[in-house]
Amino acid sequence: MMNFVQAMLEPMKYRDLWYVSRIVFVGLIVLFSLAAIVCVIMQNGNSNGIDAISGSSETFYSKNKGRSKESVLKIITVVCLIGIGVCCIGFYLLELLA
């Protein structure tokens with residue numbers, strides 16, 4: 001019992017910090033990946049609303065794409081993919097240092 005109390009009172013060692021950091025990086029990668037998948041699934045294709053004969057259609061929606069739901073989803077997707085990249089690089093560097 002005394003060993004357990006001493007172990008709890010000792011500061012976190014680098015090995016323990018390494019394990020926790022690995023779990024955090026993998027968890028963040030999974031969360032960013034799931035968010036990116038959901039955002040991509042929710043987006044419409046880029047060819048929606050294009051006329052097959054003329055090849056283009058000009059609508060109010062196409063003029064105001066910057067403020068639409070799809071543009072917000074694209075921005076969230078890009079942020080999630082950048083987050084995945086940063087977490088993967090951090091995880092790789094953590095493994096190199098171990």
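Quick test for you: out of Val24, Val38, pick the one residue that is closer than 30 Å to Leu97 by Cβ and at pLDDT 65 or above.
Result of the check over Val24, Val38: Val24.
Taking into account only those residues within the stretch 26-35 that are closer than 15 Å to Ile82 by Cβ and of a type in the set (A, V, I, L, M, F, W, C), which is most open to solvent (accessible area, probe 1.4 Å)?
Per the criteria, the residue is Leu31.
Which residues, counting only those in the stretch 46-80, are out of contact with any helix residue (DSSP H, G or I) (no Cβ under 6 Å at 6 or more places or on another chain) and modelled with pLDDT of 65 or more?
Selection gives Arg67, Ser68, Lys69, Glu70, Val72, Lys74, Ile75, Val78, Val79.
The values are calculated or read from the model by the stated rules, or taken from the named source; none is laboratory data. None of these values were measured; they are calculated from a predicted model. FYI the Cβ positions are ideal-geometry reconstructions off the backbone, even for glycines, and counts take in every protein chain you see. Note: accessible area is taken over every heavy atom of the protein model, side chains too, but ligands, DNA and RNA are not part of it. Shrake-Rupley method; radii C 1.70, N 1.55, O 1.52, S 1.80 Å.
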